[in-house]
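Below: the structure, in structure tokens.
What follows is calculated from the coordinates using simple rules that are stated; it is not laboratory data. Please read all numbers here as calculations on a predicted model, not as lab measurements. Methodologically, a virtual Cβ is constructed for each residue, glycine included, from the backbone with ideal geometry; neighbour enumeration extends over all protein chains shown.
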């Protein structure tokens, strides 16, 4: 069994309750549900709430290293990757689900041998892979599909390995490397992807410890809770 981790930002206030409702019901074999939030007053009955201020970087630091326009986007990516450092009793495998993503059908994330299962997408954003090569020259794209599909199963052991590899190569904390390696031309847009980073890493170094099993999903401009997809992602730019 494994835990769920959801990042709750200012754009997610109208999605959080739906996220908890649908993902609690449809993620098979989940244990604890953690919500990492910007809101110091947030209280939830059936989740453990953690404030983003306990992480080893501040909003001000991420803003100084990026831009007023996109600092929140970079911040939530780093929070997902650092959750294993912060949450004391987090399971070895933990499932990150974007706050705007809802599983509508019962869905498994570990096979019968407890091997993590991964979905794929079709996105190919060149700056993400240029960023990865600057983070570490061994991080090159492994397959034509993308790891960006709005959720991901992480392993604490593999994240520790990934952090060590990056920090030893660059001689600075992992989060500083991630920010430092953003191309200034893309810092106001999409400079890196936590999902492409981790997906690339496990495919290159731990391909025997993961399986790809495609799911039916879509990005949607309408909140269609009767969709026949395994899950939908209803992004904040559609909700404006």
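Mind checking the full-extension length gain between residue 235 and residue 117? Use 0.36 nm per residue of separation minus the Cα-Cα distance, one decimal, nm. Present the calculation step by step, with values, prior to reporting the outcome.
On the way: separation 118, 0.36 × 118 = 42.48 nm, distance 2.36 nm.
Answer, rounded to one decimal: 40.1 nm.
Just grab the label-to-label distance for residue 14 and residue 220, each label 7 Å out from Cα along the Cβ direction, in nm (one decimal).
Taking the simple label geometry, residue 14 and residue 220 are separated by 1.6 nm.
Suppose R0 equals 30 Å. What FRET efficiency, 1/(1 + (r/R0)^6) with r the Cβ-Cβ distance, do residue 51 and residue 21 give to the nearest 0.05? Intermediate results must be reported in sequence, preceding the final value.
Values: r = 22 Å, r/R0 = 0.74.
Step by step, r from the Cβ atoms, then E = 0.85.
How high is the relative contact order of the chain, given as a whole-number percent (alpha carbon pairs under 8 Å, six or more residues apart)?
Relative contact order comes out at 23 percent.
FRET efficiency for residue 29 and residue 206, Cβ-Cβ distance as r, R0 = 22 Å, nearest 0.05?
Working: r = 21 Å, r/R0 = 0.96.
The value I calculate is 0.55.
How far is the Cα center of region 175-191 from the Cα center of region 196-222, in Å?
22
How long are the three semi-axes of the equivalent ellipsoid for region 13-69, computed from the Cα gyration tensor as the root of 5 times each eigenvalue, in whole Å, largest first? Display every interim value, and only then the final one.
Values: eigenvalues 146, 31, 27 Å².
Working from the Cα gyration tensor, I get semi-axes of 27, 12, 12 Å.
At what distance in nm do the modelled label points of residue 92 and residue 58 sit from each other, each positioned 7 Å from its Cα along Cα→Cβ?
Here the answer is 3.8 nm between the modelled labels.
If you restrict to DSSP beta bridges whose two residues both lie in region 2-238, what percentage is antiparallel, to the nearest 5?
Working: 10 of 29 bridges.
The antiparallel proportion sits near 35 percent.
If R0 is 30 Å, what FRET efficiency do you get for residue 144 and residue 105 from their C-beta distance, rounded to 0.05?
E between residue 144 and residue 105, to the nearest 0.05, is 0.70.
How many angstrom lie between the C-alpha centres of region 123-159 and region 48-100?
18
Taking Rh as the Kirkwood radius, which is the inverse of the mean 1/r over Cα pairs, what is the Rg/Rh value for region 2-238?
Values: Rg = 16.8 Å, Rh = 18.2 Å.
Using only Cα positions, Rg/Rh for region 2-238 is 0.93.
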